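Inspection log for the structure reproduced underneath, given as structure tokens.
Just so you know, all these numbers are worked out from the coordinates, no wet-lab data involved. Computed from a prediction, not measured in an experiment: that's the story for all the values here. Cβ sites come from the backbone with ideal geometry, for glycine too, and all protein chains shown count toward neighbours.
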Amino acid sequence: MNRQDVVVLGLPSSGKTTYLAALRHLMTANEVDVELRLVHLRGEGTEHLHLLVDRWLRAKAQERTTEVKSRTVTMTLREKTGAEFELHFPDMAGESFQRMWEKRECDPSVAAQLRSRGVLLFVHANKYKAPTWVVDEVQQNKALGIAPEPEQPVPWKPEHSATQVQLVDLLQSLQSAPLDAGPRRLAIVLSAWDKAAAEGHAPVTYLDRHFPFLRQYLENGLGEGWTWTVFGVSAQGGEYDEDDKPPREEAQRMRDVDIPSQRIKVVTEGAESHDLTEPLTWLLG
């Protein structure tokens, strides 16, 4: 049987775990038309995945993956043609990638996964650290009537960096030894697309407006043979309930949807569907 490997990247709370939970439900529920169906599931992360799906169905926010070691799920998938293949899908904590930026360290188990030819990069469309400019802060303080503080140097720390700076560094690492695996296919997933859709932009335009440095790198910094595309993905459809906090109206609205798979939205240039397998199908060529 043909084997395919996809590595899932993203900083903490970028939507990776929610995507995996919704994907698992979508491929087995037969509620909407999809490109890929799940035939068999195995691996050390299987039981964990069942728990994720249960929380997703109940519109409960996912607990963040915090372990450095990834839980790899192996899926036997069937295409519409009837052809089957194995897909290895690791659920790695965003802290693993954040550590690569802040500490310049990479766990060997993570490094092994990072050599996959298919790369699914998650970027939260609504919650990210934007660049800050001294001139903007000065103008804001002046407008608020706040007197400038005496000059005091503030030590720079890696965690102060903008999200897109960290993501570009991660992509650069994938093109350098020991992680370089040659040309790859890269799918950018703008998660929480339900929070971004109101702007009325296509995903690639949204990326250009909110993450211009990342967009420039995609255009000019990737090595020869790399190909990339952008998807807007809402795997939840709204804000889910958090443990030990009051219920949210959006979560109840999602529970009221008769067909859970229809909570999902996947947006590309001029098209929209409920099929979370579209990014995977594109990655697999």
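Using only helices, what value at 222 nm comes out for the chain when you add -39,500 (n - 2.57) per DSSP H run of length 4 or more and divide by the total residues, to the nearest 500 deg cm²/dmol?
-9000 deg cm²/dmol
Counting only other residues whose beta carbon sits under 14 Å from that of Leu207, what net charge do I get with K and R as +1, D and E as -1?
-2
Return the subset of Lys16/Lys157; Lys127/Lys157; Lys16/Lys195; Lys16/Lys80; Lys129/Lys245 for which the Cα-Cα distance in this structure is over 18 Å, preserving the input order.
Working: Lys16/Lys157 26 Å; Lys127/Lys157 20 Å; Lys16/Lys195 16 Å; Lys16/Lys80 25 Å; Lys129/Lys245 25 Å.
The pairs that break the limit, which is 18 Å between Cα atoms, are Lys16/Lys157; Lys127/Lys157; Lys16/Lys80; Lys129/Lys245.
Please identify the GluC sites (Glu not before Pro) of region 216-266 that satisfy two criteria: DSSP loop assignment and at most 10 other Cβ atoms within 10 Å. Which are they?
Numbers: sites: Glu219, Glu224, Glu239, Glu242, Glu249, Glu250; in loops: Glu224, Glu239, Glu242.
Hits after loop and neighbour filter: Glu224.
Please report the net charge: other residues with Cβ closer than 11 Å to the Cβ of Arg263, K and R +1, D and E -1. Don't jump to the answer; show the numbers that get you there.
Numbers: positive: Arg253, Arg255, Lys265; negative: Glu31, Asp194, Glu250, Asp256, Asp258.
Charge balance in the 11 Å sphere: -2.
Relative contact order of region 2-283, please, whole-number percent, based on alpha carbon pairs below 8 angstrom and at least 6 residues apart.
Working: 507 pairs, mean separation 67.6, N = 282.
Rounded, it is 24 percent for region 2-283.
Using only the alpha-carbon atoms of the chain, report the extent along each of the three principal axes, biggest first, to the nearest angstrom.
Largest first, the chain extends 67, 48, 37 Å along its Cα principal axes.
Which loop-located GluC sites (Glu not before Pro) does region 147-200 contain, where loop means any DSSP state but H, G, I, E or B and the Cβ has at most 12 other Cβ atoms within 10 Å?
The qualifying sites are Glu151.
Relative contact order, percent, of region 92-195 when contacts are C-alpha pairs under 8 Å separated by at least 6 residues?
Details: 83 pairs, mean separation 50.3, N = 104.
Worked out over region 92-195, it gives 48 percent.
What full-extension length gain, to one decimal in nm, is calculated for Glu63 and Asp169 as 0.36 nm per residue of separation minus the Cα-Cα distance?
Here the segment from Glu63 to Asp169 would lengthen by 35.5 nm.
Subtract the Cα-Cα distance of Arg37 and Lys142 from 0.36 nm times their separation in residues, and report this length gain in nm to one decimal.
Additional length available on full extension: 32.0 nm.
How far is helix 16-29 tilted off the main Cα axis of the chain, in degrees rounded to 10, range 0 to 90?
Roughly 20 degrees between the two axes.
Modelling each spin label as a point 7 Å along the Cα-to-Cβ direction, I'd like the Glu86/Ser176 distance in nm, to one decimal.
Modelled inter-label distance: 3.3 nm.
How much of the DSSP beta bridge set in the chain is antiparallel, as a percent to the nearest 5? Can you show the working numbers first?
Numbers: 20 of 44 bridges.
Roughly 45 percent of the beta bridges in the chain run antiparallel, per DSSP.
Using a Förster radius of 25 Å, what is the FRET efficiency between Thr28 and Arg3 based on their Cβ-Cβ separation? Nearest 0.05, please.
The pair Thr28/Arg3 has a calculated efficiency of 0.75.
Once the Cα atoms of helix 163-173 and of the chain are each reduced to a long axis, what angle between those two axes, in degrees from 0 to 90 to the nearest 10, is obtained?
60 degrees
Expected output is a single nm value to one decimal: the length gained when fully extending between Gln252 and Glu102, i.e. 0.36 nm times separation in residues minus the C-alpha distance. What is it?
My answer for the length gained is 50.1 nm.
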